[in-house]
Amino acid sequence: MRTKKIAILGSTGSIGTQTLDVIKKDGDIQVLGLTTHVNIELLEEQIEVFSPQVVGVFNSDKAIELQRKLKQKGSKVEVITGIEGLITVATLSEAEMIVTAVVGMIGLLPTIEAIKAGKTIALANKETLVTAGELVMNLAKKYNTPILPVDSEHSAIFQCLRGNEATSISRLILTASGGPFRDYTKEQLREVTVEQALKHPNWVMGSKITIDSATLMNKGLEVIEAKYLFDVEASQIDVVVHKESIIHSMVEYKDGSTIAQLGVPDMRHPIAYALYYPERKEAEYIHRLDWTKLSALSFSPPKKDLFPCLDLAYEALKIGGTMPTVLNATNEIVVESFLKKHLPFNEIPTIIHNAMEKHICINSPSLDDILKSDEWAREWSRKKVE
Ligand code: NDP
Ligand code: MG
């Protein structure tokens, strides 16, 4: 059996730990590198089990603490801090695949370097494609690097596209659970708490994406992610609320035929699909749909007036250039602020809208333009939320 060699950025998060869970239960994947922001306790456990060569700890104090602990144990694992740690792990010479499971645009530079180093990308970190979709996809083409989606909707579309010509696509239909507030009124939305927003009805995920799901920004980010991954027009991407999260997304073809991908809501399925692509693997953790108990699958349009973030994402995509960068950066700041209870839930779209209005958009941006626009949006929105 051939052993595939991989590295995981953000191994201590929701996607990172589920990726390791898939690998642990399989045995034909070798983990060469792992990274965390601050969670060195969990990283230490992961080092024990997977024996990577190098780990990245973004926070420098935590990196020093881990180095000390590993030295005491006589461990030879190298610890590198900051963005250098992420980039080193993303470009490890022996690694064939990099799972990008950090949250936020911090994943952009390591992903770019991994692409340049010819690594296959298993992409969970959607903010990277939202921030710099055109640039990242052009680089992937130039370096002939496959980008395999991990996000469940994009994995679904990727699977529905297999064996069909891209030119025969009529539209992509992304399904959305609608989040915990899908049945709330405008008045109720004013009162929602962080604790309520963190309770997603169908998925257990990191806190940032859980809030994005509650505002529908997650679906907006996914529309942008889909545009770049599958090279379609924004007008060819639709969103439908499907509260059971059984259909993970669909592709409608020119002849009117629609192909959907279905499965239980468990991120290990799309993670495993990317890890083993093009193979499909059987594994003990896999749950199967029980068709005798699935009495109904429901669909409804998203409530765009109650959740303006979805339209803001379409708007940013239509404007293009650095506007999606600004949408993403502002969203990262306001979500962080909401999580710290410094900002009410219904202010999230307002601040993003205002930042987009203020931003002087740069078309066909360079990496430098993108980084500067990201920085501008972060500073601008930090001042707003203070
Ligand atoms: P989590 O918050 O659970 O994990 C994020 C990971 O990134 C952790 O390892 C975290 O370290 C690390 N990290 C956070 N900030 C930094 C930083 N500044 N520098 C370096 N590392 C950092 O997120 P998720 O796993 O939920 O999400 C990861 C990505 O996958 C996101 O882009 C999300 O949108 C996407 N995604 C997630 C899904 C899910 O089910 N969770 C589904 C589809 C997509 P630490 O543990 O120390 O905080
Ligand atoms: Mg998703």
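The values are calculated or read from the model by the stated rules, or taken from the named source; none is laboratory data. Everything numeric in this text was worked out from a predicted model, so none of it was measured. Here the Cβ positions follow ideal geometry from the backbone for every residue, glycine too, while neighbour counts run over all protein chains shown. Side chains included, ligands, DNA and RNA excluded: accessible areas come from the protein's heavy atoms. Shrake-Rupley method; radii C 1.70, N 1.55, O 1.52, S 1.80 Å.
From Ala122, Ala90, Ala117, Ala95, grab the single residue that is open to solvent by less than 10 Å² (accessible area, probe 1.4 Å) and over 17 Å from the mean Cα position of the chain (by Cα). Quick ask: steps written out before the conclusion?
Working: Ala122 fails: over 17 Å from the mean Cα position of the chain (by Cα); Ala90 fails: over 17 Å from the mean Cα position of the chain (by Cα); Ala117 fails: open to solvent by less than 10 Å² (accessible area, probe 1.4 Å).
Selected residue: Ala95, the only one of Ala122, Ala90, Ala117, Ala95 that is open to solvent by less than 10 Å² (accessible area, probe 1.4 Å) and over 17 Å from the mean Cα position of the chain (by Cα).
If you scan region 180-222, which residues turn out to be among the aliphatic types (A, V, I, L, M) and more than 17 Å from Ile348 (Cβ to Cβ)?
Result: Val204, Met205.
Please specify each residue of region 97-115 satisfying the condition of being part of a strand (DSSP E or B) and either modelled with pLDDT under 95 or more than 10 Å from ligand 1 (Cβ to nearest atom) (or both).
Hits for region 97-115 are Met97, Ile98.
Could you pull out the residue among Leu221, Leu275 that is away from ligand 1 (no atom under 12 Å from the Cβ) and either at pLDDT 95 or above or not acidic (Asp, Glu) (or both)?
Leu275
Name, by its number, the condition in (1) within 14 Å of ligand 1 (Cβ to nearest atom); (2) at pLDDT 95 or above; (3) in a loop (DSSP other than H, G, I, E, B); (4) not small (Gly, Ala, Ser) that does not hold for Val232.
Val232 satisfies every listed condition except (1).
Just to be sure before I move on: is Lys5 touching a residue at least 60 places away in the same chain (Cβ under 8 Å), among the basic types (Lys, Arg) and open to solvent by 10 Å² or more (accessible area, probe 1.4 Å) in the structure I sent? Don't jump to the end; show me each part of the working.
Working: touching a residue at least 60 places away in the same chain (Cβ under 8 Å): yes; among the basic types (Lys, Arg): yes; open to solvent by 10 Å² or more (accessible area, probe 1.4 Å): yes.
Answer is yes for this residue.
Here are the criteria: (1) touching a helix residue (DSSP H, G or I) at 6+ places or on another chain (Cβ under 8 Å); (2) within 16 Å of ligand 1 (Cβ to nearest atom). Tell me which single one Pro201 does not satisfy.
With respect to (1) touching a helix residue (DSSP H, G or I) at 6+ places or on another chain (Cβ under 8 Å); (2) within 16 Å of ligand 1 (Cβ to nearest atom), Pro201 is out only on (1).
Just to be sure I understand, how many residues within region 1-19 are part of a helix (DSSP H, G or I), out of contact with any strand residue (DSSP E or B) (no Cβ under 7 Å at 6 or more places or on another chain) and of a type outside the set (Val, Ile, Thr)? Before the answer, list the steps.
Residues of region 1-19 part of a helix (DSSP H, G or I): 14-19.
From what's left, out of contact with any strand residue (DSSP E or B) (no Cβ under 7 Å at 6 or more places or on another chain): 14-15, 17-18.
Next, from what is left, pick out any that are of a type outside the set (Val, Ile, Thr): 14, 18.
Within region 1-19, residues that are part of a helix (DSSP H, G or I), out of contact with any strand residue (DSSP E or B) (no Cβ under 7 Å at 6 or more places or on another chain) and of a type outside the set (Val, Ile, Thr) number 2.
Out of the helices (runs of 4 or more DSSP H) lying entirely within region 129-206, which hold 1 or more residues that are open to solvent by less than 40 Å² (accessible area, probe 1.4 Å), within 16 Å of ligand 2 (Cβ to nearest atom) and out of contact with any Leu (no Cβ under 7 Å at 6 or more places or on another chain)?
Once the helices (runs of 4 or more DSSP H) in region 129-206 are filtered for at least 1 residues that are open to solvent by less than 40 Å² (accessible area, probe 1.4 Å), within 16 Å of ligand 2 (Cβ to nearest atom) and out of contact with any Leu (no Cβ under 7 Å at 6 or more places or on another chain), what remains is 152-161.
Being of a type in the set (Val, Ile, Thr) and without any contact (Cβ under 8 Å) to a residue 60 or more places away in the chain is the filter here, so list the residues in region 194-223 that pass it.
Narrowing region 194-223 to residues of a type in the set (Val, Ile, Thr): 194, 204, 209-211, 215, 223.
Residue satisfying the conditions is Thr210 alone.
Looking for something open to solvent by 10 Å² or more (accessible area, probe 1.4 Å), small (Gly, Ala, Ser) and closer than 22 Å to Met205 by Cβ - is there at least one such residue anywhere in region 21-43?
No, every residue in region 21-43 fails to be open to solvent by 10 Å² or more (accessible area, probe 1.4 Å), small (Gly, Ala, Ser) and closer than 22 Å to Met205 by Cβ.
If you check every pair at least six apart or on different chains, which have Cβ atoms under 6 Å apart with a residue in region 70-93 that is touching a residue at least 40 places away in the same chain (Cβ under 8 Å) first and a residue that is surrounded by 13 or more Cβ atoms within 10 Å (Cβ to Cβ) and among the acidic types (Asp, Glu) second?
Listed by first residue and then by second, the contacts come to Ala90/Glu113.
Show the residue pairs that are 6+ apart or on different chains and have beta-carbon atoms under 8 Å apart, the first residue being within region 254-267 and within 23 Å of Gln18 (Cβ to Cβ), the second being among the charged types (D, E, K, R).
The qualifying pairs are Val264/Arg288.
On the basis of being closer than 19 Å to Glu222 by Cα and away from ligand 2 (no atom under 16 Å from the Cβ), does Glu252 make the cut?
So Glu252 passes the test.
Take the conditions out of contact with any strand residue (DSSP E or B) (no Cβ under 9 Å at 6 or more places or on another chain), assigned to a helix (DSSP H, G or I), open to solvent by 20 Å² or more (accessible area, probe 1.4 Å) and farther than 26 Å from Ile115 by Cβ and apply them to Glu65. Does it pass?
The answer is no for Glu65.
(1) hydrophobic (A, V, I, L, M, F, W, C); (2) within 30 Å of His359 (Cα to Cα); (3) surrounded by 21 or more Cβ atoms within 10 Å (Cβ to Cβ): which one isn't true of Phe230, the others all being true?
Just one mismatch for Phe230, condition (3).
For the structure I just gave you, tell me whether Thr17 is in contact (Cβ under 8 Å) with a residue 12 or more places away in the chain, more than 22 Å from Tyr273 (Cβ to Cβ) and of a type in the set (Val, Ile, Thr). Please lay out each step first, then the result.
Numbers: in contact (Cβ under 8 Å) with a residue 12 or more places away in the chain: yes; more than 22 Å from Tyr273 (Cβ to Cβ): no; of a type in the set (Val, Ile, Thr): yes.
No.
Report yes if some residue within region 29-52 is in contact with a His (Cβ under 9 Å, 6 or more places away or on another chain) and assigned to a helix (DSSP H, G or I); otherwise report no.
So far as region 29-52 goes, no, none of its residues is in contact with a His (Cβ under 9 Å, 6 or more places away or on another chain) and assigned to a helix (DSSP H, G or I).
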